[in-house]
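Beneath this line is the structure, given in structure tokens, with notes to follow.
What follows is calculated from the coordinates using simple rules that are stated; it is not laboratory data. A quick note: this is a predicted structure, and the numbers were derived from the prediction, not measured. Quick reminder, even Gly has a Cβ in these numbers, built from the backbone with ideal geometry, and neighbours come from all protein chains shown.
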């Protein structure tokens, strides 16, 4: 299976540079189909004109992002300059507390192909 992930330029760069190696999402129906060995394709916004192909190396499951963030260094998840509190606020832009409670969340580890 392949999953496409769209990233803003600054986050795309840290994936490209091998710093960020964990993508996080709610564990909805789409993400529940992922398996170790599947492919993540990162596209650079806004034009989707650059891509990075990666292979999923692990899938870790948590009840919510608050629990997940305690298990990783911030630079592996997002921009190193962000605090855990800032990152949690950022995640609220994408996923509600209700979605987290319904699906749980997944940390998707990856390495560049």
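Brief remarks follow.
- Highest average packing first - 83-95, 34-46, 101-113, Cβ atoms within 10 Å: 101-113, 34-46, 83-95
- Under the simplified labelling scheme, the residue 94-residue 45 pair shows an inter-label distance of 0.9 nm, with each label point 7 Å from Cα along Cα→Cβ.
- Packing-based ranking, highest mean first, of 2-15, 56-69 given that Cβ atoms within 10 Å are counted: 56-69, 2-15
- Taking every C-alpha pair closer than 8 Å and separated by at least 6 residues, the mean separation divided by the residue count of the range 2-112 gives a relative contact order of 39 percent.
- With the simple spin-label model, which puts each label point 7 Å out from Cα in the Cβ direction, the residue 38 to residue 71 separation comes to 1.7 nm.
- Both the radius of gyration and Dmax for the range 64-113 are 11.4, 35 Å, in that order, over alpha-carbon atoms.
- At full extension, residue 53 and residue 84 could sit 8.5 nm farther apart than now, given 0.36 nm per residue minus the alpha carbon distance.
- Considering only Cα atoms, the convex hull volume of the chain works out to 96 Å³ per residue.
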